[in-house]
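The values are calculated or read from the model by the stated rules, or taken from the named source; none is laboratory data. Everything numeric in this text was worked out from a predicted model, so none of it was measured. Cβ coordinates were reconstructed from backbone atoms using ideal geometry, including for glycine residues, and neighbour counts include every protein chain displayed. Please note that ligands, DNA and RNA were not included when accessible areas were found on the heavy atoms of the full protein model with its side chains. Shrake-Rupley method; radii C 1.70, N 1.55, O 1.52, S 1.80 Å.
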Amino acid sequence: MSLASNVPEGDLKEKWTKRLNDINLVAPNNKRLYNVIVVGTGLAGASAAASLAELGYNVQSFCIQDSARRAHSIAAQGGINAAKNYPNDGDTIWRLFYDTIKGGDYRSRESNVYRLAEISNEIIDQAVAQGVPFAREYGGLLANRSFGGAQVSRTFYARGQTGQQLLLGAYQAFMKEIDSGKIDYYPRHEMLDLVVHNGKARGIVTRDLVSGEIRRHTADAVLLCTGGYGNAYYLSTNAKNSNVTAAWRCHKRGAYFANPCYVQIHPTCIPQSGDYQSKLTLMSESLRNDGRVWVPKDKNDERHPNDIPEEERDYYLERKYPSFGNLVPRDVASRNAKYVTDEGRGVGETGKAVYLDFADAIERRGRDYIEEKYGNLFEMYHKITDENPYERPMRIFPAVHYTMGGLWVDYNLMSNIPGLFVLGEANFSDHGGNRLGASALMQGLADGYFVIPYTLGDYLGGEDLDQVEGNEEAFEEAENYAQEHIDKLLNVEGDKTVVEFHQELGKIMWDKVGISRDEEGLKEAIKEIQELRDEFWERVRVPGESANYNKYLEFAGRVADFLELGELMAKDALHREESAGCHFREEYQTEEGEALRNDEEFSYVAAFEYQGLNGEIQHELHKENLEFEFVELKQRSYK
Amino acid sequence: MPSLVDAARSQVGRKILSGITGILLGIFIIFHLIGNLTLFGSEQAFNIYSHTLESMGIFLYLFEIGLVLVFLVHAYIGVAIWLRKRKRRPVGYEKYSSMGDPSKQTFSSRSMIFTGIILLIFTVTHVATFKYGDTQMITVDGTQMKDLKALVINTFQNPWYVIYYIVVMILLGFHLRHGAWSAFTSLTMKGGTKTSAVVYTVGTIFAVLMAVGFLFIPLYIYATGGTGALIAS
Amino acid sequence: MSNDNMQFDLKIWKQEDGDSQGAFQEYHMEGVSEDMSFLEMLDLLNEKLIKNGDEPVEFDYDCREGICGACSLVVNGIAHGPKEETPVCELYMREFEDGQEIVIEPWRAAAFPVIKDLVVDRSAFDRIMAAGGYISTKTGSAPEANTIAVDKEDADKAFDYATCIGCGACVAACPNSSASLFTGAKISHLSLLPQGKHERKERAVRMVEQMEKEGFGDCSNHAECEAVCPVGISISAIARMRKEYMRAVTES
Ligand SMILES: Cc1cc2nc3c(=O)[nH]c(=O)nc-3n(C[C@H](O)[C@H](O)[C@H](O)COP(=O)(O)OP(=O)(O)OC[C@H]3O[C@@H](n4cnc5c(N)ncnc54)[C@H](O)[C@@H]3O)c2cc1C
Ligand code: SF4
Ligand code: FES
């Protein structure tokens, strides 16, 4: 299969309009003749399902949680970007586009990113009309704040719960269509396979997570909106149910997986406190506006932080990056935290943390100011760690947060399998090697509200699709495969738990495919993951049965997929002999220790095609070259 | 839109009706207490007061019928909610505790059905005793009237009767404590956490005043053998 | 140093599925760290059970940071446990006494039938939301965002109601199993905003009716819901719901 990115010709600013002018349309009366499956009810899935149902399509919607409203998007905190320029500080669509391309270290598609910036404003309009209670000024108009990687204030927010409020807006629009009978709703259902019939995506196979029943669902197109795969690392800021299974099974059915090694590691999370820890909690990066990051100058300094005198502290970000200081981008901050803890200068019981100190800010601006600005974050920190951050510095450490990689899609968000569209974090599209803060919400909603309604129509209007009943061979085969996979998991009856395997995988991934990578480590990781996978299939113990609610069975299936994905992530990282955005290879850095891109050889999207041969997992690499017609490639510098 | 009848039968409607009837009963209780306190007025004040009410004729009957209706509606809603409650949670908790403040869940709130039913039974016996009890006729300023005062004083010479009254009046206090808060909350249709705290406190004071006011009378009569200094004769 | 060898006697509700009878099962737990979250303590229990070849205990969760509303345990008689404004996923073992007995039960209400062990079916909440818990806005038809000004005070109030995480603790804690706080929070959020005023009457009536249809009980103003609500939704939400409802039936 070829990698036709399907980008319209012409000037960057005209591309999307041109596409809209040229697409096939489905007549209003005919829309009801089409069935569309939407997997996932996060920002991408809920907005897509609601918009398509409104247009008249018959939508079937699936999610793992007991309610659509609980999709992982609910957890997003900081905000959503748009180029409204309400603060009058000179923002434009071009600037939002440019910041996003640059923030992504020139590894994304210009045309997609420009479209995203163009659509951004409409998203805010839509959300406000739905009743999303964004922060407002006293005059009653919308407020903005600034976020990393931009010099303008373009982030709209709803306290520290922007994702929650945007998702509830989309969820409410979604519930309205359930009310009007246009959406068939399947919560507590997990997609286990994609059905490709006559070369096109024509349905899915699911497991009812309550009864355990495996079912087939037919459709004219399948939209995958299943989120990111950060949980490959076991510990991440993602919700516990976030997974790669839906995307991975599509991948095994032929969809290309693009840039799997691009993983964003967020610098300000609450550090792990013990092996039992099940998840990491993000603390908004806005904290770095007033907090100062430091570690003791000496190794293994066990004194109380307040007893360590000023001259024995190393404010390493301020020292190394005098102009950006504590506000360097996420990847730089994360990497440096790793360096100082690797040197043995980490703090806290585990030694895997650095201090984020507000003492200066409190002294300079007063406790009230800090409380007003960060009160809820301080409270959350206090709740979790039982330490009062007003009195002693916070301990923070980087954590896996977001995956820029995902299934490859063209400009229309369609994968290389006709009829399979991929939206939101699940696709690879807009963030290149690194995502800027407040841009994931923007992308998820842009995809769902304002791109897919047109591009799906284009596909359906232009295809001659035969009728499927669900008893075709492809459906039969997919259902049997799903059942066999489950039986296989249950029949190992070994002595190690799913969580133990997941933790071990996470450790390999974090140590060797994490913040910084090198050839040797990546090669080891590939080998270790392969061994762990073999061990998994010999020793895993999955309790219970398949015909009942069984959380550990669900997890087993997901961990099995992570064990395959992890290897591909390492392979991708190994093959990409450059540093770009969040992908930092020790071998490729500037003299100052910054990421060194190799635009000559690696300015492409790496799209992997799955080839499972005799139980061996193999991949063929396809390259989509990235042409930069409109921006000039530069080396990032934050000194 | 639902009709007013349907609306009254909805969850919200029921609660509003329960609040309105509750408040009407509350007002009745206030006046009842004030009336009772005439026992401590001049020698015949109580009898004159009772007689004035009785001589209102048809108006008194209308008022009484209204009162009974209000009472029944209030009781009906309470019992219906209680009966429904079991169906709403067929399997109960092994262990159940209240979280405490700002919860208003107390013995008062949980025993509304119990205190309510006792009050219902009490009301019947109370009416039987005093409205239809045996009384002498006396003449005050040339008008013939029932000597209800004597009936009251005689009745409260019986210690069991007095205990019965005191216990029920304490239960009335509990009923009013949650009832006042609840009715006010349902009817004003507003109130954040702070207003709630104020309303709840005012309601509690009201409940205590009513309970103490009512139970003081039998207690005093019994303790003083009906000849205490407060009772003029 | 934190205590990492706490012990607990757990008494947990086990129920095979919706049709079976459930019963309590007792477990003794050792080696619990005070820095573990309550759910991590249960994870640890399950790891031990699975290794022993026993059935793990099923319970619901997802975000584990207090925002998705999936977690739902009654701990020693209190929905979400003893710490105020804290869902059970953010409850830490340091809140408990070493050696203590802990009784863990599912949300109990006819409208929330048990699916397995501690997992219940809260789809009734979705159906209440479908009965008007939205503002009808066709995608693409929205006016420019700043043409709709909203008083900051109203916007802030609306926000307070909008933070409901849909967990159902209000129902679980209510002696009558009423869903008034949940329903009231959504009605209040939307009716406070100018965008939400057009459908306010129908919304209030339909959502209240749906609440009843789903089998939730009456509100008796116990206010237990406000006390257990992990995000501190005030019972003024219920007052607003009544007002919206009465306004709808009297003004039409
Ligand atoms: C703590 C945190 C804070 C964040 N803050 C911000 C922020 O401030 N600004 C910003 O822009 N971004 C932020 N992000 C990133 C952003 O939240 C996510 O990238 C985005 O919400 C993803 O949305 P989505 O719709 O693609 O997927 P998700 O919201 O992850 O939804 C996935 C959906 O797919 C379903 N699903 C998954 N697999 C299956 C399957 N096999 N079968 C059926 N259903 C399935 C799930 O049930 C769910 O409904 C944050 C992320 C985290 C973790
Ligand atoms: S009102 Fe509070 S307790 Fe009830 S569902 Fe919402 S968040 Fe949970
Ligand atoms: S698990 Fe999400 S709120 Fe508790």
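Look at region A:597-621 and say how many of its residues are open to solvent by 30 Å² or more (accessible area, probe 1.4 Å) and without any contact (Cβ under 8 Å) to a residue 24 or more places away in the chain.
Residues that pass the stated criteria total 9.
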Within region C:189-197, can one find any residue that is within 15 Å of ligand 2 (Cβ to nearest atom) and open to solvent by less than 10 Å² (accessible area, probe 1.4 Å)? yes
Looking only at residues that are within 14 Å of chain B (Cβ to nearest Cβ) and more than 22 Å from C:Gly22 (Cα to Cα) in region C:54-87, which one is nearest to ligand 1 (Cβ to nearest atom)? C:Pro87
Scanning region A:213-236 residue by residue, those part of a loop (DSSP other than H, G, I, E, B), more than 16 Å from A:Arg249 (Cα to Cα) and open to solvent by 10 Å² or more (accessible area, probe 1.4 Å) turn out to be A:Glu213, A:Asp220, A:Tyr234, A:Leu235
Take the conditions surrounded by fewer than 19 Cβ atoms within 10 Å (Cβ to Cβ), farther than 30 Å from A:Gly212 by Cα and at pLDDT 95 or above and apply them to A:Leu574. Does it pass? no
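Suppose we keep only residues that are under 21 Å from C:Lys201 (Cα atoms) and open to solvent by 10 Å² or more (accessible area, probe 1.4 Å) within region C:149-177. Which one would you say is nearest to ligand 3 (Cβ to nearest atom)?
Ranking the candidates gives C:Tyr161 first.
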Of all helices (runs of 4 or more DSSP H) fully inside region B:138-233, the set with 1 or more residues that are closer than 17 Å to B:Leu33 by Cβ and among the basic types (Lys, Arg) is B:148-155, B:159-188
Any chance C:Phe112 is of a type in the set (Phe, Trp, Tyr), closer than 21 Å to B:Ser10 by Cβ and at pLDDT 95 or above: no
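Take the conditions within 7 Å of another protein chain (Cβ to nearest Cβ) and within 15 Å of the chain's Cα centre (by Cα) and apply them to C:Thr139. Does it pass?
no
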Hey, among B:Lys85, B:Lys131, B:Lys146, which residue is open to solvent by 40 Å² or more (accessible area, probe 1.4 Å) and within 13 Å of another protein chain (Cβ to nearest Cβ)? B:Lys85
In region C:59-80, which residues are in a loop (DSSP other than H, G, I, E, B), more than 13 Å from ligand 3 (Cβ to nearest atom) and open to solvent by 10 Å² or more (accessible area, probe 1.4 Å)? C:Asn76
Residues satisfying the stated conditions in region C:236-252, i.e. under 16 Å from C:Leu190 (Cα atoms) and hydrophobic (A, V, I, L, M, F, W, C): C:Ala237, C:Ile238, C:Ala239, C:Met241, C:Ala248
Contacts under 7 angstrom Cβ, first residue in region A:622-637 being surrounded by fewer than 15 Cβ atoms within 10 Å (Cβ to Cβ), partner small (Gly, Ala, Ser), 6 or more apart: A:Lys623/A:Ala606; A:Asn625/A:Ser603
Within region A:227-263, of all residues that are among the polar types (S, T, N, Q) and away from chain C (no Cβ under 14 Å), the one farthest from ligand 3 (Cβ to nearest atom) is A:Asn259
Among the residues of region B:49-82, which ones are within 13 Å of another protein chain (Cβ to nearest Cβ) and in contact (Cβ under 8 Å) with a residue 40 or more places away in the chain? B:Ile77, B:Gly78, B:Ala80, B:Ile81
For region A:155-181 the number of residues that are more than 9 Å from chain C (Cβ to nearest Cβ), open to solvent by 10 Å² or more (accessible area, probe 1.4 Å) and under 21 Å from the mean Cα position of the chain (by Cα) is 2
Only one residue in A:Ala49, A:Ala68 is modelled with pLDDT of 95 or more and within 16 Å of ligand 3 (Cβ to nearest atom). Which one? A:Ala68
For C:Val103, state whether it is within 14 Å of ligand 2 (Cβ to nearest atom) and out of contact with any Ser or Thr (no Cβ under 9 Å at 6 or more places or on another chain). no
Restricting to region C:219-231, count the residues that are buried (at least 24 other Cβ atoms within 10 Å of the Cβ) and either of a type in the set (Gly, Ala, Ser) or within 12 Å of ligand 2 (Cβ to nearest atom) (or both). 9
All conditions in (1) touching a residue at least 40 places away in the same chain (Cβ under 8 Å); (2) buried (at least 22 other Cβ atoms within 10 Å of the Cβ); (3) more than 30 Å from A:Lys623 (Cα to Cα) are true of A:Ala547 except (2)
Of all helices (runs of 4 or more DSSP H) fully inside region A:1-79, the set with 3 or more residues that are more than 14 Å from ligand 1 (Cβ to nearest atom) and within 14 Å of another protein chain (Cβ to nearest Cβ) is A:43-55
Reported set for region B:35-49 where residues are over 14 Å from B:Asp141 (Cα atoms) and either not in a helix (DSSP H, G or I) or not hydrophobic (A, V, I, L, M, F, W, C) (or both) is B:Gly35, B:Asn36, B:Thr38, B:Gly41
Across region C:81-124, the tally of residues that are under 23 Å from A:Val210 (Cα atoms) and either of a type in the set (Asp, Glu) or within 15 Å of ligand 3 (Cβ to nearest atom) (or both) stands at 12
When region A:414-429 is checked residue by residue, the ones that are more than 8 Å from ligand 1 (Cβ to nearest atom) and either crowded, with 24+ Cβ neighbours inside 10 Å or not in a loop (DSSP other than H, G, I, E, B) (or both) are A:Met414, A:Ser415, A:Gly419, A:Leu420, A:Phe421, A:Val422, A:Asn427, A:Phe428, A:Ser429
Per the list (1) at the interface with another protein chain (Cβ under 8 Å from one of its Cβ atoms); (2) open to solvent by 50 Å² or more (accessible area, probe 1.4 Å), residue check on C:Arg242 breaks on (2)
Considering C:Phe96, C:Phe112, which residue is more than 23 Å from A:Ala44 (Cα to Cα), of a type in the set (Phe, Trp, Tyr) and more than 16 Å from ligand 2 (Cβ to nearest atom)? C:Phe96
Hey, can you tell me all the residues within region A:344-400 that are in contact (Cβ under 8 Å) with a residue 24 or more places away in the chain, open to solvent by less than 40 Å² (accessible area, probe 1.4 Å) and in a helix (DSSP H, G or I)? A:Ala361, A:Ile362, A:Ile370, A:Tyr374, A:Leu377, A:Met380, A:Tyr381, A:Ile384, A:Thr385
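Here is a yes/no grid of residues against (1) of a type outside the set (A, V, I, L, M); (2) at positive phi; (3) not assigned by TED's automatic domain parsing to the domain that holds C:Gly66:
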residue: C:Lys186; (1), (2), (3): yes, no, yes
residue: C:Ser191; (1), (2), (3): yes, no, yes
residue: C:Pro194; (1), (2), (3): yes, no, yes
residue: C:Arg203; (1), (2), (3): yes, no, yes
residue: C:Met207; (1), (2), (3): no, no, yes
residue: C:Glu214; (1), (2), (3): yes, no, yes
residue: C:Gly232; (1), (2), (3): yes, yes, yes
Would it be correct to say that C:Ser234 is crowded, with 24+ Cβ neighbours inside 10 Å, within 12 Å of ligand 2 (Cβ to nearest atom) and closer than 22 Å to B:Asp101 by Cβ? yes
